[in-house]
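The values are calculated or read from the model by the stated rules, or taken from the named source; none is laboratory data. These numbers were taken from a predicted model, which means no experiment stands behind them. Heads up, the Cβs are rebuilt from the backbone with ideal geometry, glycines too, and the neighbour counts pull from every protein chain shown. We work out accessible area using only protein heavy atoms, side chains counted, and drop any ligands, DNA or RNA first. Shrake-Rupley method; radii C 1.70, N 1.55, O 1.52, S 1.80 Å.
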Amino acid sequence: MCRAVDLQRAVLAKNEAAAQILRTELTSRGTTVVNLLSSPGSGKTALLERELRLAGERGVAAAALTADLATENDARRLARSGAPVKQVLTDGLCHLEADMVARHLHDWLPESTRLLFVENVGNLVCPAGYDLGESLRVVLASVTEGEDKPLKYPTAFGLAQLVIVTKTDMADAAEFDETAFRAHVEQVNPGVEVVLSSVRDGRGAGVLLDRALAATEGNQVHTPVMARAGA
Amino acid sequence: MHEMSLAVAVVDQVEAAAKSRGAVGVSSIELDVGELAGVVADALAFCFELACAGTVVEGAELITRTVPGTARCEPCADVWAVGMPPRLLCPGCGAAAGELVSGRELQIREVRWAGPEAAREERRQPITEES
Ligand SMILES: [Zn+2]
């Protein structure tokens, strides 16, 4: 006999369960996770290095877990900020999963950590589908990537709770159309905050840190429409 | 490519279900994949072939059903097909969609078990346990 059975289980259930455990565990000890997504070369590491340095100056205990397919270059760069940093090598995997994050925290993350920044693998497709137990999801796009990036990667932009435009010191040279970019973000993620930033001229300094700290206090973080699925 | 992880997740879940019910084979797996789930059906099919090798799922047919994205506007109570890239602003009043009604599904909709008995009765209509 051949039977049809509706399993009614989400394919990603395993990751979602792991993410929920991680979120509960970390929040209960006062650590908030911030998941950073972007394409390669958007300036994620530079921005994170600046924000970690600021966290140090302000006495906020912040740490970073950085993921790459290969090399420990990002960890070395981030470590210059003085914050605890750990490199995850994904061995070819294009995104992080919740259990990978959980595995790397043991014996490394100081108990007192208030903010844990997770620098996801540079990729706007795959990381979008994986909850890492974060309380804040940020997507970065540099001015050189084109105004239609949010339309090309609607899931990544559509699920972000904050959008940061990087390298704005180059906006004129790149002929970046801010109005068009904002309209495209609004189309896939109505109401999400878009902030402009440049590590070179200091624009937007502290914005990632401020929003992350706000998330630790449970301050109304934006809920994207895509995350408000009815069914 | 995250389709490999998804394919492995599908195989793992079906294998676990097969074990718990003592099934010895799977004839087909039907998946609901939302337009906005960020999954490429062809890539998933390719990965599935690799992921199911040597498991009870080997040889099963993978059927993917694309679920279109639809959103609802609260003030207008309008429901519209969001398209790709999605338009999450109401075509009627321009307000932000209140919710995404469909389009982010990634679910195993149905599994058809196969085995010695299934082979014997393969011309029969399958019996659906649940709707
Ligand atoms: Zn409306």
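Pick out which of A:GLN161, A:GLN187, A:GLN220 has the largest mean-square fluctuation in a Gaussian network model of chain A, springs linking Cα atoms closer than 10 Å. Per the Cα network of chain A with a 10 Å cutoff, A:GLN220 tops the list. Candidate cross-link partners of A:LYS149 among the lysines, defined by an alpha-carbon separation under 26 Å and a same-chain spacing of 8 or more, comprise A:LYS44, A:LYS167.
In this structure, the amide hydrogen of B:GLY25, modeled 1.01 Å from its nitrogen in the peptide plane, lies closer than 5 angstrom to those of B:ALA114, counting only residues at least 5 positions away or on a different chain.
What quantity of accessible surface, computed with a 1.4 Å probe and excluding non-protein components, is buried in total between chains B and A, in Å² to the nearest 100?
For chain B against chain A, roughly 3600 Å² becomes buried.
Have a look at the DSSP beta bridges in the range B:1-113 and tell me what percent are antiparallel, nearest 5.
Percent antiparallel among DSSP bridges in the range B:1-113 is about 65.
Residues of the range B:22-57 losing 30 Å² or more of accessible surface, assembly versus chain alone, probe 1.4 Å, please list them. Buried by 30 Å² or more upon assembly, which counts only protein chains, are B:LEU36. Given axes a ≥ b ≥ c from the Cα gyration tensor, I'd like to know whether the range A:137-193 is rounded (a/c under 1.5), prolate (a/b larger than b/c) or oblate. Taking the square roots of the gyration eigenvalues as a ≥ b ≥ c, the range A:137-193 is prolate. Near the amide H of A:LEU96, within less than 5 Å, lie the amide hydrogens of A:VAL121, all on another chain or at least 5 residues away, with H placed in the peptide plane. Legend: residues in the range A:197-231 shielded by at least 10 square angstrom of accessible surface upon adding the remaining protein chains to the isolated chain (1.4 Å probe, heavy atoms) are A:VAL225, A:MET226, A:ARG228, A:ALA229, A:GLY230, A:ALA231. Separation of the range A:116-148 and the range B:40-69, taken as the distance between their Cα centroids, equals 27 angstrom. Give the separation of the Cα centroids, the range A:48-92 to the range A:170-231, in Å. When both Cα centres are located, 21 Å separates them. Backbone geometry of the range A:97-105 corresponds, through the Karplus equation with coefficients 6.51, -1.76 and 1.60 at θ = phi - 60°, to 3J(HN,Hα) couplings of 10, 4, 6, 5, 5, 4, 4, 7, 7 Hz, x marking Gly and Pro. With a ≥ b ≥ c taken as the square roots of the eigenvalues of the C-alpha gyration tensor of the range A:4-220, please select rounded if a/c is under 1.5 and otherwise prolate if a/b is larger than b/c or oblate if it is not? It is oblate, given that a/c is not under 1.5 and a/b is not larger than b/c.
3J(HN,Hα) along the range A:62-68: 10, 9, 9, 10, 10, 10, 9 Hz, from the Karplus curve 6.51 cos²θ - 1.76 cosθ + 1.60 with θ = phi - 60°, whole Hz, x for Gly and Pro.
The GNM of chain A, with springs linking C-alpha atoms under 10 angstrom apart, assigns the highest mean-square fluctuation among A:ALA17, A:ALA64, A:ALA215 to A:ALA17. Helical content alone sets the calculated 222 nm signal of chain B at -8000 deg cm²/dmol, taking -39,500 (n - 2.57) per DSSP H segment of four or more residues and averaging over every residue. Among residues other than B:LEU36 with Cβ under 11 Å from its Cβ, the summed charge is -1 (Lys and Arg +1, Asp and Glu -1). Here the Karplus relation 6.51 cos²θ - 1.76 cosθ + 1.60, evaluated at θ = phi - 60°, turns the backbone of the range A:205-216 into coupling constants of 4, x, 5, 5, 4, 4, 5, 5, 5, 4, 5, 5 Hz, with x for every Gly and Pro. Among beta bridges from DSSP that stay inside the protein assembly as shown, the antiparallel ones total about 30%.
When the GluC sites (Glu not before Pro) in the range A:170-204 are filtered for DSSP coil states and for at most 13 other beta-carbon atoms within 10 Å of their beta-carbon, the remaining sites are A:GLU175. Helical content alone sets the calculated 222 nm signal of chain A at -9500 deg cm²/dmol, taking -39,500 (n - 2.57) per DSSP H segment of four or more residues and averaging over every residue.
Per the Debye calculation on the range A:1-132 with a single equal scatterer at every Cα and no solvent contribution, log₁₀ I(q)/I(0) for q = 0.11, 0.21 Å⁻¹ amounts to -0.41, -1.30. Classified by the C-alpha gyration tensor, the protein assembly as shown has a prolate form. Its axis ratio a/c, with a ≥ b ≥ c, is 1.5 or above, and a/b is larger than b/c. Loop-located trypsin sites (Lys or Arg not before Pro) across the range B:14-123 with a Cβ neighbour count of 16 or fewer within 10 Å are B:ARG123, with loop assigned by DSSP.
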